[in-house]
Amino acid sequence: MAGAPSRCLFVTGPPGVGKTTLVMRVFEALRASHPNLTIRGFYTREVRESGERVGFEVVTLDGRSGPLASSKVSSPESVRWPTVGKYKVDVASLESLALPELQIQEETDLFIIDEVGKMELFSSAFFPAVMRVIESNIPVLATIPIPRNGRDIPGVARLRNHPGAAVFTLNTGNRDMMRETIYNHLSCLLPKR
Ligand SMILES: Nc1ncnc2c1ncn2[C@@H]1O[C@H](COP(=O)(O)OP(=O)(O)OP(=O)(O)O)[C@@H](O)[C@H]1O
């Protein structure tokens, strides 16, 4: 007998392949087809100045945004912030936007988490909050980085190997088909309201 359909959908793939775009298109499509569902979460997007990438920001699905990381920040407190490449990570800003979105609430029908990556994992509260979502019975669509040299960053392997997880690896040739597959999968999983 076939098992229960996966409730935790993880989208992975190389940088720039279209993970955020896929997740946001699925979100928009679900919002149109299932207007009464409560979908919570956040995504991350680049911040560009004069064509140059200068950082990333966190955007909640209800449209609030704040910094995630920047190459331009120079405030005194930022001296102690963790860095990824040339970017300083504003953990407090991430936490203030993302953590409330990951609270388990009965009325939530779907969580969207873009992404569980190196920057987000500098927050010691972030991964436990993601695990609570994964271990709840609420469906989740999340993005995770592709393993480097065959290795996941710490923590991400726990998501990938979680019972009930399905991992979708994107490339430019399959991303449109994957979007359809994920939308259809979630449509079957979500309540009909
Ligand atoms: N299906 C698609 N068709 C055409 N262009 C796309 C598609 N998906 C993504 N793109 C384009 O590719 C670029 C990168 O997309 P996106 O930011 O979604 O990638 P990502 O995998 O989330 O990147 P990162 O790893 O940096 O977070 C964007 O300019 C986006 O418009």
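Since every read-out is calculated from the coordinates, none of them should be taken as a lab result. Predicted, not measured: the structure shown is a model, and the values here were computed from it. With ideal geometry, Cβ positions are generated from the backbone for all residues, glycine too; neighbour counts draw on all protein chains shown.
Rounded to the nearest angstrom and listed largest first, the equivalent-ellipsoid semi-axes of the chain from its Cα gyration tensor are 27, 18, 17.
In loop segments of the stretch 63-118 as defined by DSSP, the GluC sites (Glu not before Pro) with at most 15 further C-beta atoms inside 10 Å of their C-beta are Glu106, Glu107. Within the same chain, lysines fewer than 8 places from Lys88 are excluded, and of the rest, those with a Cα less than 21 Å from its Cα are Lys72, Lys118. Between Glu135 and Gln105, the contour length at 0.36 nm per residue exceeds the Cα-Cα span by 9.5 nm. For the stretch 49-119, the square roots a ≥ b ≥ c of the C-alpha gyration tensor eigenvalues yield an a/c of 1.5 or more together with a/b exceeding b/c, which makes the shape prolate. Residues Cys188, Cys8, ranked from the fewest to the most other C-beta atoms within 10 Å, line up as Cys188, Cys8.
Entry note, the stretch 38-128: relative contact order of 32 percent, from Cα contacts under 8 Å with a spacing of 6+ residues. Across the chain, the relative contact order, built from alpha-carbon pairs under 8 Å that are at least six residues apart, equals 33 percent.
Each other residue within a Cβ distance under 12 Å of Arg80 adds +1 if Lys or Arg and -1 if Asp or Glu, for a net charge of -1.
Distance from the Cα centre of the stretch 12-70 to that of the stretch 85-154, in angstrom? With the stretch 12-70 and the stretch 85-154 each reduced to a Cα centre, they are spaced 13 Å.
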